[in-house]
Structure formats: structure tokens, C-alpha cells
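The values are calculated or read from the model by the stated rules, or taken from the named source; none is laboratory data. Worth saying up front: this structure is predicted, and the values here are computed from it rather than measured. Glycine also receives a Cβ, built like all others from the backbone with ideal geometry; neighbour counts cover every protein chain displayed.
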């Protein structure tokens with residue numbers, strides 16, 4: 001039954017992805033400017049432009065162009081970047097690991113901070129610690145991730161130059177990762193100097209992405225912990241003489257984490273999309289930073305490749321979330 005459920009979700013993902021491709025195709029034709037003229041440069045003759053237009057199928061009907069465009073994408077051909085003169089697929093794949101690594105690090109930060117705040121607020125309910133945790137959560141919700149990034153750069157990069165504020169690794173180390181996952185690869189290959197440098201460069205952008213999500217996790221988990229603390233098994237644990245700390249951290253927290261895990265999985269998709277501005281602020285060489293460069297340079301083939309890549313990531317994450325729901329709640333598999 002789980003295989004049928006997965007197949008159903010995959011079939012539903014196909015029209016969603018086709019819709020994204022169609023939107024990108026339409027936007028490429030309504031945005032001012034001729035992408036073919038931009039690809040040829042200023043010294044191209046009208047004959048050169050027409051020849052390239054025919055090569056890319058722009059002399060055909062709109063429907064034929066869309067079919068040609070879709071066929072190329074299905075073959076993994078997203079065209080050639082106008083500004084970089086390289087295949088878009090290669091450019092996207094070279095930057096994607098950095099964005100995924102940053103997103104996962106931010107998610108880990110958010111979970112640790114959120115769980116700590118919610119647990120502390122529940123343990124010391126009615127005390128100063130609860131008010132401080134609630135105040136920090138409110139602050140995290142009020143300040144967006146890119147503004148946290150600017151604050152970190154000003155405080156920890158300029159006023160107190162503790163951590164690096166740009167790049168991904170110290171270029172003096174000469175580290176050249178093969179997989180693109182610098183943090184993972186440097187650790188498992190024993191290049192710990194590179195590992196520490198990558199970790200230092202990742203702390204500030206990951207923290208900027210993590211704080212708003214940590215505030216959401218703290219709010220939801222605190223509410224779930226409050227409900228759990230009113231259950232019968234908590235009352236029984238109190239009668240047995242267990243401490244409040246043990247009840248909260250071992251009994252209530254375990255049951256309260258279920259809705260929090262669900263929320264965290266959903267928010268991860270938004271976290272990946274939120275890397276665009278944060279990567280730009282920190283000069284982090286990820287897919288989000290390259291997306292802004294492509295928009296600024298009006299590099300339409302690169303823009304469409306990045307948009308479709310993000311769409312595939314979001315769809316894959318949503319399918320994974322749906323499968324997790326199905327495993328936790330078998331009723332969904334029969335819905």
C-alpha cells in the first residue's frame with residue numbers, strides 16, 4: 001500500500017512540475033529583452049541572430065517552442081548561461097551542494113535552539129526564564145533572516161571580528177572538494193583545517209536562517225509540552241515522585257515532539273528558499289547567491305534552470321513529508 005501511496009504522490013507531482021516549467025517558459029517571453037540577442041553579444045550581425053534563433057527554435061510557433069523547451073529539460077539540457085558561457089546544468093549542480101549543506105546546518109541550529117527554549121520555558125514556567133524564552137521567541141519571529149544576517153555581520157564581523165562574514169572557506173587552504181559538500185568531505189577525508197574553516201564560514205549565515213525558524217519551533221513545542229503536562233501519565237509520574245525535570249525531558253518531550261517534527265519538516269522547504277537573500281548578504285557561493293546574480297544580469301537560461309531546480313527540491317521534500325505522514329498515520333495511506 002505504501003508503494004501505491006508513493007506512486008500517487010509522484011503522479012500528482014508531475015502536473016505541478018509541468019506547471020512550473022510552463023510559467024518559466026511564459027516569463028522568458030514576457031520579460032523585456034531578447035535572450036538570443038543577449039547571447040550573441042553586441043558585435044553580432046542580424047544574420048547571426050537569426051541563425052541562432054533558428055538553432056534554439058525561436059523561429060517556430062509558441063507551442064513548438066514549448067515542446068522543444070520541454071524535451072531539452074527532460075534530457076537535462078537547461079541551455080547555456082549568457083554571462084558565464086557554461087552549461088546551466090553544470091553551474092546549478094556546482095552550487096547546489098553548498099545551499100543544501102547550509103540549509104541542513106540551519107535546520108540543525110533551529111531545532112537545537114527551539115527545543116532548548118521550549119524546554120526551558122516549560123521547566124521554569126512562571127519564572128524569569130520563561131519570560132526570557134518567550135521574549136527571545138518573539139524577537140526571532142519579528143526579525144527576518146536577512147536582517148539577522150546584517151546584525152551578525154555588524155556585531156560579530158565588524159565590531160567584534162570573531163567569525164568570517166563572506167565566502168565559504170579560507171582560500172589560502174587550497175581545498176578543492178569533489179562532491180561540493182565541503183563540510184562533510186573535509187571531515188571524512190581528515191582535512192580538519194578545511195573542516196574548521198568551512199564550519200566558521202557557515203556559522204553566521206546558518207544562524208541567521210535558523211533563528212526565525214527556531215522561534216516557530218519553540219512556540220509550537222512549548223504549546224505541545226503544555227498539553228502533554230496535563231495528561232494522566234504526567235500526573236502518575238508526579239505521584240511516583242519523579243522530578244519535574246525528568247518528567248519534562250523524558251516523558252512529556254517525547255510525546256510533544258510529534259507535531260513539532262511535522263512543522264519542522266514543512267518549514268524546511270521554506271528554509272531552502274530563504275537562502276537566497278542570506279547567501280547574497282554573506283557572499284556565500286550557493287545556488288541562492290547565483291540566482292540573484294542571474295536576475296541582475298538578466299541571464300534567462302540560468303534563471304530558468306535555478307527556478308526549476310528549486311521547484312524539484314520543493315516537490316521532492318513535500319513528497320518525503322507526505323511519506324513521513326503516511327508512516328506516522330496509516331489512515332492517510334487509505335485516504
Here the residues within the range 270-329 that are at positive phi and surrounded by 19 or more Cβ atoms within 10 Å (Cβ to Cβ) are none
Can you go through 246, 230 and tell me which one is in a loop (DSSP other than H, G, I, E, B), loosely packed, with under 14 Cβ neighbours inside 10 Å and modelled with pLDDT of 75 or more? 230
Among the residues that make up the range 126-141, is at least one of them touching a residue at least 40 places away in the same chain (Cβ under 8 Å), surrounded by fewer than 19 Cβ atoms within 10 Å (Cβ to Cβ), touching a helix residue (DSSP H, G or I) at 6+ places or on another chain (Cβ under 6 Å) and more than 25 Å from residue 270 (Cβ to Cβ)? no
Pair list, Cβ < 6 Å and 6+ apart or interchain, from the range 181-206 residues that are free of Cβ contacts under 8 Å to residues at least 12 places away in the same chain to residues that are assigned to a helix (DSSP H, G or I): 187/195
Exactly one of (1) assigned to a helix (DSSP H, G or I); (2) under 24 Å from the mean Cα position of the chain (by Cα) is unmet by residue 155. Its number? (2)
Given the condition over 25 Å from residue 138 (Cβ atoms) and in contact (Cβ under 8 Å) with a residue 40 or more places away in the chain, answer yes or no: does some residue in the range 208-225 qualify? no
So residue 161 ticks every box in (1) assigned to a helix (DSSP H, G or I); (2) modelled with pLDDT of 85 or more but one. Which box is left unticked? (1)
Looking for whichever is in contact with a helix residue (DSSP H, G or I) (Cβ under 9 Å, 6 or more places away or on another chain), modelled with pLDDT under 85 and buried (at least 19 other Cβ atoms within 10 Å of the Cβ) here; the options are 79, 149, 114. Which one fits? 79
